[in-house]
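Got a structure for you, questions after.
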Amino acid sequence: MQQVMIPAISDSSAQQIIKILGDTNIFYTLPQIIISIGALVTMMIAAISREERGQVINYITSVFFLFAGLVSSVWLASLPKGDAFSGMVSSDLFSGILNIIYSGSALLIILVAHSYFRNRGRYIQELFPLIQFAVVGMMFMTMANNLIIVFLGLEILSVSLYVLAGIDNMDTRSNEAAVKYFLMGAFSSAFLLYGIALVYGGTGSTGLREIAAYINNKSIWQNIYIPAGIILMLIGFGFKVSMVPFHMWTPDVYQGAPLMITAFMSTAPKAAALSAFAKILISMNLEPGSSIMLTNLIGVLAVVTMTVGNLMALNQNDIKRIMAFSSIAHVGYLLIAVCIMNREALAALIFYFCVYTIMNIGFFSLLSLLARDEDRNLTLEGIQGLGKSRPLLGLFLLIFLFSLSGIPPTAGFAAKFFIFNTAIENKFYLLAILGILNSAISAYYYLRIILYAFIREPESGSIDQWSQIKLNAACFVVIFVTAAAVLEIGIVPGYIIDLGKKAIQFL
Amino acid sequence: MESLIKPAAFYFFSAVAVVTAIMVIVKRNPVTSGINLVLTFCSISAIYVLLNSQFIAVIQVLVYAGAIMVLIIFVIMLLNLRPVESIMDKSTGVRIAAIFVFVTALGVSLAAILTSGGISGRSGGITDEFLAKTGTIQVISRSLFSEYLLPFELTSLLLTVAIIGVVILAKGMKVRKKTGPGSE
Amino acid sequence: MELTINHYLVLSAILFSIGTAGVLIRRTGIVILMSIELMLNAVNITLVAFSRYQQQVTGEILVFFVMAVAAAEAAVGLAILVVVYHHKKSVDVDEINSLRR
Amino acid sequence: MNFSEYAWLIVFSPFIGFLINGLVGRKFSEKTIGLIGSLASTLSFVISVLIFFQYSALSQKAPIQIDLFKWIVAGGINVSIGYQIDSLSLVMVLVVTGVGSLIHFYSIGYMHGEKGFARYFAYLNLFMFSMLNLVLGNNILLMFLGWEGVGLCSYLLIGYYYETDYAPTAGKKAFIVNRIGDFGFLIGIFLIIQNFGTLNFTELSTVVAKGTSVGNDTIFWITLMLFVGATGKSAQIPLYVWLPDAMAGPTPVSALIHAATMVTSGVYMIARLSFLYVLAPETMAIVAFVGGATALFAATIGTQQNDIKKVLAYSTVSQLGFMFMAVGVGAFTAGIFHLVTHAFFKALLFLGSGSIIYALHHEQDMRNMGGLRKKLPVTFFTFLMGTLAIAGTPFFSGFFSKDEILWKVFNYSSLLFWMGALAAMLTSFYMFRLVFMTFFGEMRYHEHGGHHVHESPAVMTVPLIILAVLSVFGGFMGIPHVLDVFHVGNYFEHFLSSSVKDSLPIVFGTKEEWGTMSLSVIIAIIGFTIAYVIYLKKKYVPGDDSTIKGYKKVIYNKYYVDEMYERTVISGTIRISKTVYEYFDKLVIDGIVNGVGKSIRRIGEGIRGTQTGLVRDYMLTMIIGVSIMLVYVLVNKFMMIRL
């Protein structure tokens, strides 16, 4: 029995450490390293300079580092799969695509955030390092092969987001968002941790591969710790993606946080949490049949989530709140794919992430042009007459909202189409039918926004307000690129689906 | 006699931990809650000693009792928080019902644990004898700097994020941008 | 009389429940934060117990990281609460309700 | 020169028009905008005529495929943006572009001076683009794309007069009802992918022809779900409610979208997938009876309307019912034939009513019309031709097509035949009622402020005349067998046979065919006579109810009793139909549709209360969720132990 110790102890320890450092394959974490360096550099710049020039330098620096991170993610995605840090993380096409989504969305958001925070009147340069750290956390979550890494990545992300939500410390609404988000987030991460502990206790390991090997030998019902632990982990991730009944923070935090922070929170972190959870499930081989319990549970949660999200959105007046409920509803559609839990469904999931991120960022960037008075004007009445006095902005609004409600030929339609189609192909008829019915309901509140923007007469005074909007170049580029992508993906979605399917092969 | 010391110690420290934990949540004065929480942490540390993980026991005292709780109590003092009138409020009935449900759920799951026959994972081979020979700190630190190098680095990242966050939140607090009904 | 792992797990579950109860019944933000710390500690007991009874170090190392996380969360959480106190002169979470419905 | 190579231009020409008018249209004069829009549509028409002549000369009429590019290639499905030209799509394209072009020209006159002239033409061209994708697409997904596109344009055009408060609401209603239908359509598409693995019409029909292993149940569900989509788009029971409201849009839009083209796309879809539908006789029966019921039901409501456009709207619903009845019994050719003739005369009637409304400065209530025969001679004459056609006067186009439907239906079920016959009688009644109330009798319109009623400009009357000619003579392309004394043959059926064939066995002989034909003539005359007696001889004008709105006020004001009293002079059928309208339509159907919407909103309002803003309440919800989920796991565990 004495011989089964871990090798690190039996050899000469110094040699062992050198050997392990040699096989770390550190380049597989290149995007994280680049973006971390970027975060540290921007943090320094923020500490040194408070001037307007410092802001611009900081902005450009963070754009540069995120872009470098994006490029290195693309490069990593093109490499064959490989492990790093003695199997703690692994790089493959799946994580590559998601890393591209994270760094890309952060890049787009920073491009817009610069002008947004200038207009808001409070420019906080530490915004940049925090967003970059959050991206690093998300990248580790997706690449993780070990529950410890998932947990730490999630915490890096969460802590950054708590602070980002409250970043405007002079705005009471932003403070309130931060308190709510922090208290509930810390509460839910205790559950996540308990879940990890139970899974560890049940299987004797925190590594996903070892856990999978254990479960393959026995069943998850071998020991009650394992299913209970998975459920508790589901709660932790469910909180992050705002799954009902862990969604209650979403509208308040989305409404309170500064607009571009809301945009960031509503896109990449959801993809990160959901993809990490999906990866955990798929690497544990919990495909349908092996676990009816999970399939049923997630199916019910999916239906409840989208229904609650859609119903609550119907009577809202604040656009940020509408978008919060809309994001809850979208998570419901995503959970359908998680529920099916086979490889095709995961390809549809990746596709949905891409599309959802693009259209949400586009829509929020458009809103950032209209935001006044710490976003308090972003209500339905507040955007009255936009379509008439600024037809171009109106056109973009139309494109994003049609995409969000899933009307062809926009990307939103293609994304929903693939999810529902996968559901039907795998004989999840009820889920598909309820999903489609839900997306029919959702048209109502997106349409309300359009109705107010186009059909209601502008309020007196808002005409000057609309005509005063200056299209700043970076913001316009983001809006234009996302709108074009929404249409382009809607018309030719095939190649991204193919990419998603390839990505799943690597898992 | 020897075999009775460990269980007796366990029950004693468990009782202290549970009682002080309850004190944390029922005391009206936040400072009292904080002091009780320090006691809870210390008894948990003793439990770790019983489990033969002295290293964790030591850092438990250092980090929790020594750092985190000092910080919390410092903030309580800084804000000069008064004891609350009552910890109960009108919707407490519902809350207690919910806690009851939750505790029941947890209790039932414990029942399930007790019936399912303990741990089932693979054994790592690090026995108490081995630990006594090598020393806990050596074992943990070797793993920490080889196999668990990445999480260790991530921890530093996490702490950096926390520091930046605290700096952002704290700075510029004195400047009021505007006054009026909106800013309260 | 032998101490089994179940003893430690039950203790951990009890402390976790007490922590949960504290989060739910208390209105003072800082006490909620303390209750959350209590919950994390309860999980730590589970981890160490599993670790020892499976003769591994993984659980203990995880505890190490949990402590770091707890410290980070406590720091950020306290900072947020201080900011709120600055505006509202109170850390009662029931008074923080301007965003709703 | 092979014109079919230019088929993509049919589709994209209106799109180019849309881009020009939509992007830079505001800078042009009205004339330029109108010409760009109309010529874009006319170009499509010209190309389709050229292709039609080339195609009809072919001896082997195989479908021509034009694949533009691969659209979605993923896993099992392979969908391209591609168009298919065969006899069925050619007929549809000719109707869409032909009638569409006329309406474009007409709009130049009708919309003169309106705000957003360029926007109107841009939407109209976008509609043409979507509609042509719908009819020419070689796969169901592209068809669905067009299907959604036309719905969108319909929504935009109904809400065109956004200053009024009812137009946006009507647009929203149309949009949402259509989304419910589309939900069925989408499920149908998913089921086809799952079971057949292809969405291409030709491949699909080859798979089906080879004999498929797909079970009858599955085909039943596929066809039924697709039909749910059709009921939404083509305004059949129970989803017809949006169409009468859709009349809030400009009248040319009503003519083009809500009469001639878009609303018929459900019929086209069933004809296009006829190879699938014939495998599901149960669905066919449902289609036939829903069609029959709609035809009869909408016709009864049509008799009680006083708004000239509402009469025509219910008439459209009723005529669509006839088409569904035809395709439901398996007489696909007859259904498409009626679709074509209906497009002629209904577009004519709508444009005629538009001409009246234009002359009377947006007066739509027939009680304020009358005696317009002399003031608007061209409109009157052409309108009369349209009325004669729809009423089924012998040798007018409607006679041929409606008679063929009734004859085919008679072979299927006599009950359905009598429903159709009754609906035909009511059609004749309400149409002549409309004509008598509008053009005959005394003039009840008060000219004021120097506005004189005068005939519309030529840009509006010329399309009327062209459509009148088509309404009168259009029927001769499909002469029924018994009337074919010169043995020219039924050209229409012959042409269509290369893509659609009837599945209905003809069980009766020539004698019965003569019988049904004479019966339908008699029926038309009965309807005419009743209308003549009531509205021309007795000069009855329905009471003024402009002060009341909705059924509630009717009851509260006790006005309803007075009205019932007044109605004792009118025949019993009319009274019943009035009741049907008041109670069934407004209360039940509208109530259900609005009620569902309202109750959904109310639920939303209710659960909104959970969002209290208190973070502790949110945590409480979390804990309850956690508890339920943990208990669920334990229940599972204990069930495992039991097993």
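The values are calculated or read from the model by the stated rules, or taken from the named source; none is laboratory data. Given the structure is predicted, the values throughout are model-derived calculations rather than measurements. Here the Cβ is made from the backbone with ideal geometry for all residues, glycine too, and neighbour counts use every protein chain on show. To get the accessible areas, we keep the full protein, side chains included, count just its heavy atoms, and leave off ligands, DNA and RNA. Shrake-Rupley method; radii C 1.70, N 1.55, O 1.52, S 1.80 Å.
Calculate the dipole size of the protein assembly as shown relative to its Cα centre from +1 charges on Lys and Arg beta carbons and -1 charges on Asp and Glu beta carbons; express the result in debye to the nearest 20. Provide the component values of the computation, followed by the final result.
Values: 93 positive and 77 negative charges, 394 e Å.
Once rounded to the nearest 20, the dipole reads 1900 debye.
Please average, across the residues of C:89-98, the number of beta carbons from any other chain that are within 10 Å of each residue's own beta carbon, and give a whole number.
Values: counts 1, 2, 6, 2, 8, 8, 2, 11, 8, 9.
Mean shielding count: 6.
Sticking with this one: So how strong a dipole does chain D carry about its Cα centre when Lys and Arg Cβ are +1 and Asp and Glu Cβ are -1, to the nearest 20 debye? Intermediate results must be reported in sequence, preceding the final value.
Working: 44 positive and 36 negative charges, 241 e Å.
Its charge dipole is roughly 1160 debye.
Let me ask you something else. Using a probe of 1.4 angstrom, how much of the accessible area of chain A is carbon and sulfur, in percent?
65
For chain A, with the dipole built from +1 on Lys and Arg beta-carbon atoms and -1 on Asp and Glu ones, taken about the Cα centre, which of A:Gly207, A:Pro80, A:Leu499 lies farthest toward the positive end?
A:Leu499
Can you pull the Rg over Rh of the range B:1-83, Cα-only, Kirkwood?
Working: Rg = 14.6 Å, Rh = 13.6 Å.
Taking Rh as the inverse mean 1/r over Cα pairs, Rg/Rh reads 1.07.
With a 1.4 Å probe and all protein chains kept in place, how do D:Asp245, A:Asp171 rank by accessible area, largest first? Working shown, then result.
Details: D:Asp245 55, A:Asp171 5 Å².
Ranked from most to least accessible, the order is D:Asp245, A:Asp171.
Which whole number gives the average count of other chain Cβ atoms within 10 Å of the Cβ atoms across peptide A:149-157?
Working: counts 5, 0, 6, 13, 4, 1, 13, 10, 2.
Taking the mean over all residues of the peptide, I get 6.
Through the Karplus equation 6.51 cos²θ - 1.76 cosθ + 1.60, θ set to phi - 60°, convert the phi angles of the range A:218-234 into ³J(HN,Hα) values in whole Hz; use x for Gly and Pro.
After applying 6.51 cos²θ - 1.76 cosθ + 1.60, I find 10, 9, 6, 8, 3, 9, 4, 4, 5, x, 4, x, 4, 5, 5, 5, 4 Hz.
A further question follows. What is the diffusion coefficient of chain D in µm²/s, taking the Kirkwood radius over Cα pairs and the Stokes-Einstein relation at 20 °C with a viscosity of 1.002 mPa s? Write out the running numbers ahead of the final one.
On the way: Rh = 25.9 Å.
My calculation gives 83 µm²/s for D.
Something else now. Each residue of the range A:339-353 in order: what ³J(HN,Hα) in whole Hz does its phi give by Karplus 6.51 cos²θ - 1.76 cosθ + 1.60, θ = phi - 60°, with x for Gly and Pro?
5, 5, 6, 10, 5, 4, 4, 5, 5, 4, 5, 4, 4, 5, 4
Would you mind counting up the charge near A:Phe413? Only other residues with Cβ under 14 Å from its Cβ, with Lys and Arg at +1 and Asp and Glu at -1. The partial results should precede the final answer.
On the way: positive: A:Lys416, D:Arg179; negative: A:Glu488, D:Glu148, D:Asp182.
Net charge around A:Phe413: -1.
Assuming R0 = 41 Å, can you tell me the calculated FRET efficiency for the pair A:Ala473 and D:Thr169, based on Cβ-Cβ distance, to the nearest 0.05? Let's see the in-between values first.
Values: r = 40 Å, r/R0 = 0.97.
The formula returns an efficiency of 0.55 here.
Only four residue types carry charge here, +1 at the Cβ of Lys and Arg and -1 at the Cβ of Asp and Glu. Report the dipole size of the range A:287-507 about the Cα centre in Debye, rounded to the nearest 20. Before the final figure, lay out the partial values.
On the way: 14 positive and 13 negative charges, 29 e Å.
With Lys and Arg at +1 and Asp and Glu at -1, about 140 debye.
Could you tell me what fraction of 2.2 N^0.38 Å the Cα radius of gyration of the range A:287-507 comes to, as a two-decimal ratio? Could the numbers behind the result be given before it?
Working: Rg = 18.4 Å, N = 221, 2.2 N^0.38 = 17.1 Å.
Dividing the Cα radius of gyration by 2.2 N^0.38 Å gives 1.07.
Rank these residues by their accessible area, most exposed first, probe 1.4 Å: A:Arg448, D:Arg26, A:Arg321, B:Arg82. It would help to have the intermediate numbers written out before the result.
Values: A:Arg448 35, D:Arg26 185, A:Arg321 5, B:Arg82 165 Å².
From most exposed to least exposed: D:Arg26, B:Arg82, A:Arg448, A:Arg321.
Given a 1.4 Å probe, how much area per residue of chain A is accessible, in Å²? If you can, show how the numbers build up before the last one.
Numbers: 13220 Å² over 507 residues.
Per-residue accessible area for chain A comes out at 26 Å².
Moving to a separate point now. Sequence-distant or interchain residues sharing an amide H contact under 5 Å with A:Val89, placed H: which?
Amide H neighbours of A:Val89: A:Ala84, A:Asn145.
Got a sec to turn the phi values of the range A:131-141 into Karplus ³J(HN,Hα) couplings, 6.51 cos²θ - 1.76 cosθ + 1.60 with θ = phi - 60°, whole Hz, x for Gly and Pro?
Per-residue couplings from phi come out as 4, 5, 4, 4, 4, 4, x, 5, 4, 5, 4 Hz.
Next up: At a probe of 1.4 Å, how much accessible area disappears from chains D and A on forming the pair, both sides counted, to the nearest 100 Å²? Walk me through the numbers on the way to the answer.
Details: alone 27460 and 19600 Å², together 41050 Å².
Using a 1.4 Å probe, the pair buries roughly 6000 Å².
Can you classify the range D:47-203 as rounded, prolate or oblate using the Cα gyration tensor, where a ≥ b ≥ c are the square roots of its eigenvalues, rounded means a/c under 1.5, and otherwise it's prolate if a/b beats b/c and oblate if not?
Details: a/c = 2.81, a/b = 1.33, b/c = 2.11.
The shape class here is oblate.
Here's something else I'd like to know. Between D:Val482 and D:Val459, what FRET efficiency comes out of the Förster formula 1/(1 + (r/R0)^6) with R0 = 35 Å and r the beta carbon distance, rounded to 0.05?
Working: r = 42 Å, r/R0 = 1.19.
It comes out at approximately 0.25.
Ok, one more. Taking amide H atoms as placed 1.01 Å from N in the peptide plane, list the residues 5 or more away in sequence, or in a different chain, whose amide H sits under 5 Å from that of D:Asn78.
For D:Asn78, whose amide H was placed from the backbone, the distant partners under 5 Å are D:Leu199.
In the structure shown, do any of D:Lys233/D:Lys346; A:Lys240/D:Lys637; A:Lys180/C:Lys88; A:Lys218/D:Lys637; D:Lys408/D:Lys511; D:Lys233/D:Lys310 have a Cα-Cα gap over 20 Å, and if so which?
On the way: D:Lys233/D:Lys346 17 Å; A:Lys240/D:Lys637 27 Å; A:Lys180/C:Lys88 15 Å; A:Lys218/D:Lys637 15 Å; D:Lys408/D:Lys511 14 Å; D:Lys233/D:Lys310 18 Å.
Going by Cα-Cα distance, A:Lys240/D:Lys637 fall outside the 20 Å limit.
Hey, could you pull the Cα Rg and Dmax for chain A, both in Å?
For chain A, the Cα-based Rg and Dmax read 22.6, 84 Å.
For a quick check: with amide H placed at 1.01 Å from N, whose amide H comes under 5 Å from A:Arg372's, ignoring anything fewer than 5 positions away on the same chain?
The list, which skips near neighbours in sequence, is A:Asn377, A:Leu378.
Next up: Between C:Asp92 and D:Trp418, what is the label-to-label distance in nm when each label sits 7 Å out along the Cα-to-Cβ direction?
7.8
If you don't mind, another one. Got a number for the accessible area of D:Lys408? Probe 1.4 Å, square angstrom, nearest 10.
Here the accessible area works out near 20 Å².
Let me ask something additional. Near B:Tyr48, within a Cβ-to-Cβ distance under 15 Å, what is the net charge of the other residues, with Lys and Arg +1 and Asp and Glu -1?
Details: positive: B:Lys6, C:Arg52; negative: B:Asp128, C:Glu60.
Once positives and negatives cancel, what remains is 0.
With n ≥ 4 as the cut-off for DSSP H runs, can you work out [θ] at 222 nm for chain D, using -39500 (n - 2.57) per run divided by the number of residues, rounded to the nearest 500? Could you put the intermediate results ahead of the total?
Values: 26 runs with 431 residues, N = 643.
One gets -22500 deg cm²/dmol as the mean residue ellipticity at 222 nm.
Whole Å is fine, so just give me how far the alpha carbon centre of the range A:74-123 lies from that of the range D:83-98.
Spelled out, the Cα-based centre of one part sits 49 Å from the other.
Over the Cα atoms of the protein assembly as shown, what Rg and Dmax result, in angstrom?
Looking at the protein assembly as shown, its Cα Rg and Dmax stand at 36.3, 122 Å.
While we're looking at this one, here's another question. Could you point to the residue in A:Val71, A:Ile110, A:Met138 farthest towards the positive end of the range A:64-159's charge dipole, with +1 and -1 charges on the Cβ of Lys/Arg and Asp/Glu respectively?
Ranked along the dipole, the leading option is A:Ile110.
Pairing the Cα long axis of helix C:29-53 with the longest principal axis of chain C, what angle in degrees results, from 0 to 90 and rounded to the nearest 10?
Computed tilt is about 10 degrees.
Which percent of the accessible area of the range B:1-83 is formed by carbon and sulfur heavy atoms (probe 1.4 angstrom)?
Values: 2920 of 3830 Å².
On the range B:1-83, the fraction of accessible area on carbon and sulfur atoms equals 76 percent.
Please work out the Cα center distance from the range D:183-218 to the range D:29-70, rounded to the nearest Å.
Using only Cα atoms, the two centres lie 30 Å from each other.
Can you classify chain C as rounded, prolate or oblate using the Cα gyration tensor, where a ≥ b ≥ c are the square roots of its eigenvalues, rounded means a/c under 1.5, and otherwise it's prolate if a/b beats b/c and oblate if not? Working shown, then result.
Values: a/c = 3.99, a/b = 2.15, b/c = 1.86.
It is prolate, given that a/c is not under 1.5 and a/b is the larger ratio.
Moving on. Once each part is reduced to its C-alpha centroid, what is the distance from the range A:424-449 to the range A:174-221 in angstrom?
31
Using the charge dipole of the range A:287-507 (Lys, Arg: +1 at Cβ; Asp, Glu: -1 at Cβ; taken about the Cα centre), state which of A:Thr379, A:Ala473, A:Val331 has its Cα farthest towards the positive end.
A:Val331
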